[in-house]
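Beneath this line is the structure, given in structure tokens, with notes to follow.
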Amino acid sequence: MLPVTERELAPGVTLRMVQTKKFKTSLLSVTFLEPLSQETASLNALLPKVLRRGTAAHPDMEQLSAALDDMYGGGIEPIVRKKGEVQCIGFWGSFLDDAFVPESSQVLESAANLLGEIVLAPAGGGNGFLPAYVESEKENLIHRIRSEVNDKLQYSLSRLRSLMCEEEAYGVSKLGTEEQVQAITGASLYARYQALLSSAPVSLYYCGSAEPDRVEKAFRAAFQGLPQGNRRPVPETQVVAEPTADVRRFADSMDVTQGKLIMGFRTGGGFRSKEDVACGMLLNGIFGGTTNSKLFLNVREKLSLCYFASSSLALSKGMMVVYSGVEFQNFQKAEDEILAQLAACQKGEITQEEWETARRSAVGSLRASLDAQGRLEEYWLNRCVTGTAFTPEELAEAVEGISLDRIVEQARKIRLDSVYRLNGKEG
């Protein structure tokens, strides 16, 4: 089991360290955890992009790149993620691990310092962000928002979530809207930056070979400039256990040759405990989360009703989504058969092979995360957001212990809430 150490550097500032010599690189990240909100989503999404453009000591990307090159070609990238109803804003950095550099080098300290510099000492100093950087990154963010429609599946998934959860924070895009981006000024962005620094809980992360005491010392030095005071608790995600009305139906029409059928389900509650998460992973694997699932083998392969049919589970939100690509004339047939496969799970019509295949897939995925630094960082960010601390190895053990009866019990809580169809244009 990989050693994991957690330390609180200040109220609301937590450092989690995974010590391992498995990788040639070390991974560092800093993440601010903000409630997902229509008012601040675009501001928060724009912030790390502007911060990454330059610092007081390295005021442009060319000088930042030179500093990274001096650290054996390391990299730091801005990142915006959505975990339940938490908007996770920050930076992710990868550097050659100190175990593979000359003894006189201290890449960890240099990397942590540069990460802290990007967060705490932006180009422009206390006078605000450089206007050219703000305007340039606004254009880039608007372009990214506009381009989302080009991926019709991801666009359809986003539409289902926004329509199904229109009264919930989960319906807000992690990037906000084009109109909100256009309204951002340098002053409003800098005010959001100052509020984020002073009030948002902070998750710091390290994965590499260095000893925890050394890592803690490096991060303390790099982020000593963080404002001290009372930070908000980690935002909680609202869970709507059951649909509040009859099944809602939504549709758009576009110039497409393949329809998209997206179905949103409420699962009876969120998945927080180790056993609940393990059960949810298994149920999703049996229903539609793998290539041996009921949706794949029956709806796609046996009946040929879909080009693809899969399910995903937002554990902290307690929401399951089925997504499929279909011929327009097969919309209703595909929906009926998807519901029939869910009903089969609810009646306990799950074969030993389906159960074992889902179990092997879940355990294999968790074990594979131990061999990928990016997946490990994502895993521990999920734990930070949900306030849980079980390791991937412990979760894999829990998966092994889940009974078929427990899976059926969970399946019976699932209810269809909303259906979205992406149609072709008439004629």
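The values are calculated or read from the model by the stated rules, or taken from the named source; none is laboratory data. Quick caveat, the model's predicted, so the values are computed rather than measured. Positions of Cβ are generated from backbone atoms using ideal geometry, with glycine treated the same way; all protein chains shown enter the neighbour counts.
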### Summary
Checked segment 285-307 for anything in contact (Cβ under 8 Å) with a residue 60 or more places away in the chain and surrounded by fewer than 23 Cβ atoms within 10 Å (Cβ to Cβ); matches are 290, 292
### Task
Quick one: which residue in 68, 47 is in contact (Cβ under 8 Å) with a residue 40 or more places away in the chain, among the hydrophobic types (A, V, I, L, M, F, W, C) and either surrounded by fewer than 22 Cβ atoms within 10 Å (Cβ to Cβ) or assigned to a strand (DSSP E or B) (or both)?
68
### Task
Determine the pairs where a residue that is in the same structural domain as residue 287 (by TED's automatic domain parsing), located within segment 343-357, has a partner that is exposed (fewer than 11 other Cβ atoms within 10 Å of the Cβ) and assigned to a loop (DSSP other than H, G, I, E, B) with Cβ atoms under 9 Å apart, the partner being 6 or more residues away or on another chain.
none
### Task
Working only within segment 150-184, note down all residues that are touching a strand residue (DSSP E or B) at 6+ places or on another chain (Cβ under 8 Å), aliphatic (A, V, I, L, M), in a helix (DSSP H, G or I) and over 17 Å from residue 416 (Cα atoms).
153, 169
### Query
What number of residues within segment 308-342 satisfy the criterion of being closer than 29 Å to residue 271 by Cβ and in contact (Cβ under 8 Å) with a residue 40 or more places away in the chain?
20
### Task
Taking the options 6, 39, 62, name whichever one is surrounded by fewer than 17 Cβ atoms within 10 Å (Cβ to Cβ) and part of a strand (DSSP E or B).
6
### Query
Here is a list of conditions, (1) crowded, with 20+ Cβ neighbours inside 10 Å; (2) over 30 Å from residue 116 (Cβ atoms); (3) under 24 Å from the mean Cα position of the chain (by Cα), and residue 206 meets all of them except one; can you say which number that is?
(2)
### Query
Do we have residue 406 as of a type in the set (Lys, Arg) and either modelled with pLDDT under 95 or crowded, with 17+ Cβ neighbours inside 10 Å (or both) here?
no
### Summary
Picking from 236, 275, 327, 337, the residue that is within 24 Å of residue 166 (Cα to Cα), among the acidic types (Asp, Glu), outside the structural domain of residue 115 (by TED's automatic domain parsing) and surrounded by 14 or more Cβ atoms within 10 Å (Cβ to Cβ) would be 236
### Task
Take the residues in segment 106-164 that are of a type in the set (S, T, N, Q) and over 24 Å from the mean Cα position of the chain (by Cα), then tell me which one is nearest to residue 250 (Cα to Cα).
136
### Residue ID - farthest from residue 114 (Cα to Cα), chosen from residues in segment 9-36 that are outside any strand (DSSP E or B) and not basic (Lys, Arg)
36
### Summary
For residue 99, the lone unmet condition from (1) of a type in the set (Gly, Ala, Ser); (2) without any contact (Cβ under 8 Å) to a residue 12 or more places away in the chain; (3) within 30 Å of residue 220 (Cβ to Cβ) is (2)
### Task
Would you check if residue 171 is under 26 Å from the mean Cα position of the chain (by Cα) and crowded, with 17+ Cβ neighbours inside 10 Å?
yes
### Task
Could you please let me know if residue 21 is more than 21 Å from residue 223 (Cα to Cα) and surrounded by fewer than 20 Cβ atoms within 10 Å (Cβ to Cβ)?
yes
### Message
Regarding segment 71-79, can at least one residue be identified that is crowded, with 19+ Cβ neighbours inside 10 Å, in contact with a Pro (Cβ under 6 Å, 6 or more places away or on another chain) and not in a helix (DSSP H, G or I)?
### Response
yes
### Message
residue 216 - would you say it is surrounded by 15 or more Cβ atoms within 10 Å (Cβ to Cβ) and not β-branched (Val, Ile, Thr)?
### Response
yes
### Task
Among the numbered conditions (1) within 18 Å of the chain's Cα centre (by Cα); (2) within 18 Å of residue 350 (Cβ to Cβ); (3) basic (Lys, Arg), tell me where residue 317 comes up short.
(2)
